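As structure tokens, the structure follows; a few thoughts come after it.
The values are calculated or read from the model by the stated rules, or taken from the named source; none is laboratory data. Remember, it's a predicted structure, so these values are computed and weren't measured experimentally. Ideal geometry is used to build each Cβ from the backbone, glycine not excepted, and the neighbour counts take in all protein chains shown. Heads up: the accessible areas ignore ligands, DNA and RNA and are worked out on the full protein's heavy atoms, side chains in. Shrake-Rupley method; radii C 1.70, N 1.55, O 1.52, S 1.80 Å.
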Amino acid sequence: MENLNRVLLENVLPAHVAEHFLARNWKNEDLYHQSYDCVCVMFASIPDFKEFYTESDVNKEGLECLRLLNEIIADFDDLLSKPKFSGVEKIKTIGSTYMAATGLSASPGQEQIIQEPERQCVHIGTMVEFAFALTAKLDVINKHSFNDFMLRVGMNHGPVVAGVIGAQKPQYDIWGNTVNVASRMESTGVLEKIQVTEETANVLQILGYSCSCRGIINVKGKGELKTYFVHTEMTRTLSQGNVAT
């Protein structure tokens, strides 16, 4: 039974969080929470899926549309099993928007053990690589399904609080200004582009990514922010193997 509980929990919670709930001294009233100083949050949406979704006799009242969306999300999930994306944590899907983060697997204080600033930021590069992989995966799906869906991606990094809400159906989630701004980067973004904040662009450029300034945009609840687009062309100073770790 314990092994079954472990499998079930690790399907809905990150492995290190599942361990917390499997501990023998854990009490139902305990609230799991953990603060992180540097987490990279990504929102990747398929805005044109809303127009694609229709309910008619032809598509079985929308069932075929939902079947395709399920295939897309399932293919996105498959990327998580790749070793280079082991540090990517899927948070949830909201409609046709995929939310994920990196930097959540480290134990409390582990970030401080690594002294090199460049190494501390490597997981932000991993998040970008994951966004590139999502785009490539969607291109393949488009060819097979004769569609032309496009991703709109937004990213930001900074402090967050992670926690589990609920007992019967626990939900792992993250909160904070970092998350809110990442969401705004997606909603104010451009199709087939990754929009990031100035702070995140600065880190990515250190890691060898090419970013171009979009300019000042008005972000709801945040005022005016200078944002950047991340390009696939890279002047990598780190090896691909280092970024993937």
Along the charge dipole of the stretch 145-232, pointing to its positive end and built from +1/-1 on Cβ of Lys, Arg, Asp and Glu, which listed residue (Ile206, His231, Gly158) has its Cα farthest out? Gly158
Show me 122-134, 204-216, 159-171, 87-99 ranked by packing, highest mean number of other Cβ atoms within 10 Å first. 122-134, 87-99, 204-216, 159-171
Cα-projected label distance for Ala167 with Ser210, points at 7 Å along beta-carbon direction, nm: 5.6 nm
Which entries of Lys50/Lys193; Lys143/Lys226; Lys82/Lys169; Lys137/Lys222; Lys143/Lys169; Lys92/Lys143 have Cα-Cα distances beyond 30 Å here? Lys143/Lys226; Lys137/Lys222; Lys143/Lys169
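Find out how many positive minus negative residues lie around Ser183, taking Lys and Arg as positive, Asp and Glu as negative, among other residues whose Cβ is under 14 Å from that of Ser183. Kindly include the intermediate steps, with their values, before the conclusion.
Working: positive: Lys92, Arg152, Arg184, Lys220, Lys222; negative: Asp173, Glu186.
Net charge in that neighbourhood comes out at +3.
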Ignoring everything but the protein chains, give the 1.4 Å probe accessible area of Tyr172 in square angstrom, nearest 10. 10 Å²
